[in-house]
Amino acid sequence: MKKLLGLICLFTLLAVSLAIASLSFEEAKLGPADAKTGDVLTGNITCESNVTITAYWNVYRGTDNVTALAGNQNIFNDTETGVITVPTSYTAKGEVWRFIGWCQNSEGEITTQTTSNTVTIANTAPVATFASISPSTATSETLFTCSGISDDADDADTLTQSYQFMNGATVVRAWSTSSTFQCTSSLCPVAASIKCQYKVNDGSIDSNVVNSTSVVIDSPASSIDINGISFGGSTSEKSNPDDEDAPVLVTETLTVRNTGTNPLTSLTFSNVNIASKYNISFTPSAIASLAPGASTTITVKANLHEEHDAFDPDANTPQDDRDMLIGSIMATASDGTQDVTDTADVRMETENKLEIYRLYIEVDNDSDKVNDGDTVEDIPPGAKIEVRLIAETGYSSGSDVDLENIELTILIDDGDIDEEENDDIPDIDAGDDNEETTISFTIDDDVDEDTYVMIVTLEGEDSYGAIHGEQWEIELEVKREDEEITIKSASLSPDTISCQRTSTLSIRIENSGNDDSDEITLEVKNDALGIFSRTRDIDLDNDDDYSKTIPISVGDTVPAGTYSINIFTYFDDDAYEDDDVSKFRSVDLIVQSCGSTVVDDDDDDVDDTDDGDDSTTVIVDTSLDDTVDDSTTTGGSAVARPPATITGPGEDTLTLALIILGYVVVIIVAVVLIAKLFKK
C-alpha cells in the first residue's frame with residue numbers, strides 16, 4: 001500500500017511539473033476570409049497554458065508591417081480570442097493581409113512566431129440606386145433621356161454608366177453608354193409605355209439594374225421649335241461708350257417651326273434671363289399664324305455691350321471659352337385650346353484683347369519658346385521650371401481702353417505633380433508695349449516618369465470691367481536617367497573659419513535613376529587644401545539615399561581665401577574608371593586670417609587678404625576605398641517585436657534558474673521515494 005501511495009505521489013509531482021512548463025500556440029486566424037472593401041478585419045489568437053498568457057502580434061499589408069496595428073493583450077487559456085481589429089480606413093481593394101502572432105506565459109516561456117491565414121480584400125459591387133426618364137410627356141417623335149444615380153463609395157472606382165430603353169417588356173434600345181433614345185412611330189406607337197433601365201460597371205462587376213417610371217406615348221399634339229443663336233465672333237468689336245458710333249448692334253436669324261399637327265396662332269417672342277444691357281429686340285415681334293410643318297424666320301438684334309466678357313477661364317470645354325451664354329429666347333404660340341412654348345440658348349462672342357504674345361519654358365537654365373499644345377521633353381526629377389509669359393494688348397492707343405488686374409496662373413493637378421502658382425502682371429495701357437512675368441517651381445525628386453499637363457491661364461479686365469484672356473495647355477514630359485546619383489545636399493558647418501580652423505562637410509546623395517547600383521562612388525577633394533576623400537561600393541536602390549560627414553582641418557599657415565571643395569558622384573566602377581561623373585557640386589570654404597571678423601552669410605563674401613604666412617597643405621581625409629556603413633542608407637520598415645525581457649525562453653536568468661531548480665527538486669524527491677519503496 002505504501003509503495004502504491006509513493007508511486008501516486010511521484011506521478012502527481014511529475015504531472016504538476018509538466019503542467020507548469022506547458023505553453024503552446026494553437027491558432028492564428030484572420031477573417032472574414034471573403035472580406036470586401038468596407039469590411040472590418042478581425043484577428044484571433046488561441047494559446048494553451050495553465051498560467052497567465054499574453055499574446056503578441058504584428059499585422060502586415062502585403063510585405064509591409066503596419067506598425068500602428070501591432071500590440072499585445074492577455075488572453076484566456078485555450079480560448080479563441082479576438083485581439084486584432086483592422087479598420088476599413090486601413091484596407092483597400094486587392095490588398096493582401098495577414099498577421100504573425102506569438103504567446104508568452106507568466107513563467108517566461110514564449111512560443112515560436114506563427115503566421116495566420118491571408119485575406120485578400122475583394123472588390124465590392126457598385127450599387128445603382130435611382131433611374132429617371134424625361135420628358136414626362138411624349139409623342140412618337142420624342143427624344144428620351146435617361147439619368148441615374150449610383151454609388152461605389154467603398155472602392156471609389158471609376159464607374160461606366162449604361163442605359164437600356166423598354167416598351168413594356170420589349171427592348172427598343174439595347175444597353176449602351178448613350179443616355180438618349182430617339183423614338184419613332186414604329187418603336188414608340190401611341191399608347192406605348194416607355195421606360196429606361198440603368199446600371200453601372202466598376203471595371204469588373206456590374207451593379208444591380210434599376211428601372212425608371214414609365215411614360216405613355218400620347219397622340220400627336222401641338223408643338224413649336226426654335227433654334228439657338230450666337231451673336232458676334234472672334235473679331236467683333238464691342239461697344240465703346242467713349243466712341244460716337246456706340247453702341248455696336250448685330251443681328252442674327254431665328255428660325256421658327258410648327259412641329260405639331262395643329263395650326264398655331266399668335267406667335268410671340270421674349271428673352272429669358274438676358275440682361276437689359278444687351279438690348280435684345282425681335283423683328284417682327286409677332287407672327288399671326290403658322291401651319292403644321294411650316295417654318296418662318298425673324299430677325300433678332302443685340303448690343304455687343306462693353307461689359308461683355310471675352311474670356312471665361314472656368315469654361316467647361318475649350319470651345320466655350322469665347323462664346324458666352326447670356327440667356328435664352330422663348331417662343332410662345334396657341335393652338336386654340338392651349339399655349340405651346342420652346343426655348344433656345346443665346347450666346348455672344350467678342351474680340352479678346354489680352355493674349356499670350358510669347359511663352360518660354362526654362363528647365364534648369366535651358367529655355368525654349370513654346371506654343372499652345374506643345375510638349376517640353378526630357379525634364380529630370382528635381383528640375384527647376386521657370387515659366388516666362390509676355391502678355392500683349394489688342395487695344396490701340398486711340399481706343400483709350402486699358403487692361404488692368406492682369407494675372408498669370410500656372411496649374412498642374414495631374415498625378416504626382418500638384419502645383420498652383422500665380423503672379424500679377426503690370427497694367428497695360430492702350431497702345432503700350434507688352435508686359436511680362438515669370439513663375440518658378442520645382443519638380444519633386446520622387447515624381448514618376450510620365451507626361452503631365454500644365455494649364456497656363458492669362459486673365460485681366462478692361463476699363464469697363466469685362467474679362468479678357470487666354471488659356472494654353474503645355475505638356476511636361478518627366479524622364480528619369482537610368483544611371484544617376486544626385487547630390488541632394490552639401491554644406492559646411494561653419495562655412496567660414498578663422499582662428500579655429502576646423503569645419504565639417506555634410507553630404508547627402510540619392511540614387512535618382514531608374515537602375516540600382518552597389519558600386520557607387522562618392523569623391524570629395526580640394527588640391528589646395530589637400531582634401532581627398534573617396535567612398536566606394538555604396539549600395540543604393542532607386543530613390544534610396546546615403547549621408548556622409550567629413551571633418552576638415554586647415555593648417556594655420558594656409559593663406560586666407562575662398563576654397564571650393566569639389567564633390568563628385570559616379571554610378572558604378574566603370575563610370576569611375578572612365579571619369580564619367582554623374583553629378584558635380586562644389587561648396588566654398590572661406591578661410592580668414594586669425595583676428596578677422598568671421599561673417600557667415602549666404603553671399604559667401606570673404607576677406608581675401610593674406611596674413612603673410614607660408615602655406616602648408618593639410619590632408620583632411622587620406623582614406624581610400626572606405627567601407628560603407630549600411631545603416632546610413634535609408635529604407636526598411638519598423639517591426640513590432642516582443643519586449644526585451646520576453647524575446648525567447650531562457651533570456652530571463654532568474655526565471656530560468658527557478659525552472660531548473662524546480663526540475664531538480666522534483667527529480668530528487670522522486671528518487672528518494674523510489675529508493676524507500678524498494679527498500680521495503
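Throughout, read-outs are computed from the coordinates displayed, never taken from laboratory work. Given the structure is predicted, the values throughout are model-derived calculations rather than measurements. As a convention, Cβ positions derive from the backbone with ideal geometry for all residues, glycine included, and neighbour counts pool all protein chains shown.
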To the nearest 0.05, the calculated FRET efficiency linking Ala291 and Val250 through their beta-carbon distance, R0 being 30 Å, is 0.45
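Could you calculate, for segment 231-370, the ratio of the Cα radius of gyration to the Kirkwood radius, expressed as Rg to Rh? It would help to have the intermediate numbers written out before the result.
On the way: Rg = 20.9 Å, Rh = 17.9 Å.
Using Cα coordinates only, the ratio equals 1.17.
I need the shape label for segment 116-239. Rule: rounded when a/c is under 1.5, else prolate if a/b > b/c, else oblate, with a, b, c from the alpha carbon gyration tensor. Display every interim value, and only then the final one.
Values: a/c = 3.60, a/b = 1.40, b/c = 2.57.
The shape class here is oblate.
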In segment 62-118, taking the dipole from +1 charges on Lys and Arg beta carbons and -1 charges on Asp and Glu beta carbons about the Cα centre, the listed residue (Val86, Asn72, Thr115) farthest towards the positive end is Val86
Computed over segment 486-527, the distribution of all Cα-Cα distances in 10 Å bins, rounded to whole %, is 21, 43, 24, 11, 2
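As a test of understanding, state the convex hull volume per residue of segment 12-169 from its alpha carbons, in Å³. Kindly include the intermediate steps, with their values, before the conclusion.
On the way: hull volume 23.2 nm³, N = 158.
Roughly 147 Å³ of hull volume per residue.
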Long-range amide H partners of Thr52, meaning residues 5 or more apart or on another chain whose placed amide H is closer than 5 Å, are Ser106
Once both label points are put 7 Å beyond Cα along the C-beta direction, the Val671-Asn365 separation in nm becomes 8.7 nm
In whole angstrom, the spacing between the Cα centers of segment 328-381 and segment 17-95 equals 58 Å
Under the 7 Å Cα-to-Cβ spin-label approximation, Asp446 and Glu26 lie apart by a distance in nanometres of 4.4 nm
Rounded to the nearest Å, the spacing of the alpha-carbon centers of segment 172-244 and segment 425-456 is 41 Å
Taking a ≥ b ≥ c as the square roots of the Cα gyration tensor eigenvalues, with a/c under 1.5 meaning rounded and otherwise prolate when a/b beats b/c or oblate if not, segment 440-506 comes out oblate
Two pseudo-spin positions, 7 Å from Cα along C-beta at Asp433 and at Asn405, lie apart in nanometres by 2.8 nm
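Which value does Rg/Rh take for segment 69-146 over its C-alpha atoms, Rh per Kirkwood? Before the final figure, lay out each step's value.
Numbers: Rg = 26.2 Å, Rh = 18.2 Å.
Ratio of gyration radius to Kirkwood radius for segment 69-146: 1.44.
Under the 0.36 nm per residue contour assumption, what length would be gained going from the current alpha-carbon distance of Ser132 and Glu95 to full extension?
On the way: separation 37, 0.36 × 37 = 13.32 nm, distance 3.66 nm.
Using 0.36 nm per residue and subtracting the Cα-Cα distance, I get 9.7 nm.
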Per 10 angstrom bin, beginning at 0 and ending with the bin that holds the maximum distance, the Cα pairs of segment 493-595 fall in percents of 14, 44, 25, 14, 3, 0
Per its Cα gyration tensor (rounded if a/c is under 1.5, else prolate when a/b beats b/c, else oblate), segment 380-509 is best filed as oblate
Length gained, Thr557-Ser214, 0.36 nm per residue minus C-alpha separation, equals 113.6 nm
Cα-based Rg and Dmax for segment 155-196, in Å, come out at 12.8, 44
